[in-house]
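Chemist: Here you go, one structure.
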Amino acid sequence: MRAPQVRRVERKSAAKRVNIVHITHRDEVEPPITDWLREAYELPDALAARRAKPSRRAKSAAARTDDVKRRPRRKQFARSR
């Protein structure tokens with residue numbers, strides 16, 4: 001995020017960063033800060049929705065198991081000796 005209120009950005013891991021924001025008065029909380037906060041707040045829901053959508057591989061695996069379930073069972077006959 002680039003804004004004059006951002007003092008520094010720290011990298012906590014390969015994918016996560018922490019933005020240190022300096023705000024001295026509530027009137028300073030305006031775009032782009034509010035946009036960034038809204039995006040950060042909604043991100044977990046968006047990621048969860050993405051994870052909930054089955055991938056192509058999962059869809060094809062589910063289709064294969066459905067085919068197995070639909071196949072008629074073979075009749076088993078008792079063997080006589």
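Each value in this text was obtained by applying a stated rule to the coordinates, not by laboratory testing. These figures come from a predicted structure and were not determined experimentally. Don't worry about glycine lacking a Cβ; one is built from the backbone with ideal geometry, like all the others, and counts go over all protein chains shown.
Chemist: Out of the trypsin sites (Lys or Arg not before Pro) in region 1-45, which ones are loop residues according to DSSP with at most 16 other C-beta atoms within 10 Å?
Modeler: In loop regions of region 1-45 (DSSP not H, G, I, E or B), the sparsely surrounded trypsin sites (Lys or Arg not before Pro) are ARG2, LYS12, LYS16.
Chemist: Just add up the charged neighbours of ASP35: K/R +1, D/E -1, any other residue whose Cβ is under 15 Å from the Cβ of ASP35.
Modeler: -2
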